Amino acid sequence: MSAPAKPSDEPITGKRQLVESLESGCKPRDAWRIGTEHEKFGYTLDDLRPLPYEGERGIEAMLDGLAALGWDKVLEDGKVIALHDNAGAAISLEPGGQLELSGGLMETIHQTADEVTHHLEQVKQVAGKLGVGFLGVGFQPKWGRDDTPWMPKGRYGIMRRHMPLVGGKGLDMMLRTCTVQVNLDFASEADMVKKLRVSLALQPIATALFASSPFVDGKPSGLLSARADVWTDTDPHRTGTLPFAFEDGMGFERYVDWMLDVPMYFVYRDGRYIDAAGQSFRDFLAGRLPALPDQHPTMGDWADHLTTAFPEVRLKKFLEMRGADGGPWRRLCALPALWTGLLYDDVALDGAWQMIKDWTAEERETLRRDVPAQALAATIRGRSVQSLAQDVLALASGGLNRRGRLNDSGRDESIYLHPLEMIAQSGRTAAQDMLDAFAERWRGDIDPIFREYAY
């Protein structure tokens, strides 16, 4: 989530303080929680165009309508740019007006399913009155960058200027992608490292299973996940599979060292964003930041900086799984089920580690780059991603079975894996179903996607 910065005046006295901040995320197993986030594209029902910020059918009106249902507003320069509630959930805006729910911390996927259902019901209630809809796919299928209004958030202006300097598709990432992700806990540094390595290596498997973005500019792109492809050409300094995470000595300090070398975007001071794009946090620590000479960072500045790195799995005081296209309700719930089953059960985690422990950095990166176009047909060491996905899902299902968290009908959390199991068994992704519909039922017209894949 990219909600407004929350300044902290606590000064940074040295690198050890940054390491200890990440270490403070360690929790006993009974305190582990599940936080699910998902984004969706808004559009006007009559012409299918992306929503502007202002106007009777704009994002501002959408946020005002949700606020009337009990959410509290967050303002930047007098404009509503986010909402939050008393349970720890938030609604925020991505640069192109994508509406994001950052859910509360749940004990079970059943609670996540209830939360997602309630959120989408509220969104439909407000959207219906405004004459707008919301679409659940991974990449804007029809409209280009120039057709997409920018949201009035200070950090996005800085990123908008910087992105074209470091990659070819950063603006597409900002304006035209939607994802679903889950945030999960760890018990110790060793537990964090193992979970980070497993989830980095297996992120392409999730990308393939969730592939639902085959269209760009109203026609087939040759990709099955255009969203995932965008991340291969956004900014090499802050994205990717983190090869160093698999090296000896990996831990919280090693991640801090990497983050200190990730170029900055901004510093938030006195209610405004100061452009520090490309500058060094190490220089900031030494009081030599060109954007703020002779000033030193606070822990609030560090927390902001952590949000400006976009690896396939991001470490904060928890781990964020970032590899999946957005999609319908059933897949929004399947994503947290997949990773909870793999990472919150020791048997499943050990099985996943045995699967990937000797993959090389080159093999992992090749898989990441092949999957956007090939999805389940991609291979590593002679095995298809489809075959690997079946094994991964079996591990996750077993992990959820052993967790034994039952709903009112006595069913455990493995029920939420069923949509992914069907994809893995058939070898057909949602993207391939969309392409067939485009060629046959839709007769080469992209517009029906806004009806068939709307929430």
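Since every read-out is calculated from the coordinates, none of them should be taken as a lab result. All values reported here derive from a predicted model rather than from experimental measurement. Every residue, glycine as well, gets a Cβ built from its backbone with ideal geometry; the counts of neighbours run over all protein chains shown.
Spherically averaged projected area of the convex hull of Cα atoms, the stretch 155-296: 10.7 nm².
The share of alpha-carbon pairs in the stretch 1-135 lying farther apart than 19 Å comes to 57%.
Rounded to whole Å, the principal axis extents of the Cα atoms in the stretch 269-309 read 22, 21, 19, largest first. Listed by chain and number, the aspartates and glutamates whose C-alpha is less than 18 Å from the C-alpha of LYS79, apart from same-chain residues fewer than 8 away, are GLU54, GLU56, GLU60, ASP64, GLU94, GLU100, ASP270. Under 11 Å from a point placed 7 Å out from the Cα of LYS27 along the Cα-to-Cβ direction: which residues of the stretch 163-205 have their backbone N that close? Residues 183-187 fall inside that zone. Across the stretch 83-202, the convex hull enclosing all Cα atoms gives 175 Å³ per residue. For the stretch 146-228, the C-alpha radius of gyration divided by 2.2 N^0.38 Å, with N the number of residues, is 1.40. Name the shape class, rounded, prolate or oblate, that the alpha-carbon gyration tensor gives for the stretch 397-449, where a ≥ b ≥ c are the square roots of its eigenvalues, rounded holds for a/c under 1.5, and otherwise prolate holds if a/b is larger than b/c and oblate otherwise. Since a/c reaches 1.5 and a/b is larger than b/c, the shape of the stretch 397-449 is classed as prolate. For the chain, the Kirkwood hydrodynamic radius from C-alpha pairs, put into Stokes-Einstein at 10 °C and a viscosity of 1.306 mPa s, yields a diffusion coefficient of 71 µm² per second.
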